[in-house]
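> I'd like to ask some things about the structure below.
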């Protein structure tokens, strides 16, 4: 039985050897400057990651809020169902964004949730206005119809929440 030593040891090293052969022959090693790598990290890469997690968390929040509203609406008035679903989802959304979207931030839990409390008031006014306006024009509408009307306002609130969290709460300090 013959064992090929070359195929086990040399072949995997060939791509690395090719890269080394292309290095400058003056002995210098090319490195990314700290400024460029930091700009890339704080620029496109971080923003891309934030937008990705925003979309994931935003879609989950909108679905959760619509579902919770619809379930609560079976037993309670629209304003109470909206308040409860919005309160629960705001807390969960803020914590998810703090841990995933803005995980490099050093913002404390309490500060993030207090700012989200201010956003909660704005969100409650927007979503309550939407449901009350809909109920005014369609007093006999089903909870499912109310939920369908509220879903776009839930999505709008999620976008506003992300924007405020990113620009105010979790903003990066310029150095």
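The values are calculated or read from the model by the stated rules, or taken from the named source; none is laboratory data. Predicted model only: the values in this text are computed from it and were never measured. So basically every Cβ, Gly included, is an ideal-geometry build from the backbone, and we count neighbours across all protein chains shown.
> Would you check which residues across segment 166-175 are touching a residue at least 24 places away in the same chain (Cβ under 8 Å) and in a helix (DSSP H, G or I) and list them? It would help to see each step written out before you state the result.
Taking segment 166-175 first, the residues touching a residue at least 24 places away in the same chain (Cβ under 8 Å) are 166, 168-170, 172.
Once the filter is applied, which keeps residues that are touching a residue at least 24 places away in the same chain (Cβ under 8 Å) and in a helix (DSSP H, G or I), segment 166-175 yields 166, 168, 169.
> Can I ask one more? Could you tell me which of the residues 174, 166, 161 is out of contact with any helix residue (DSSP H, G or I) (no Cβ under 6 Å at 6 or more places or on another chain), closer than 21 Å to residue 59 by Cβ and modelled with pLDDT under 85?
166
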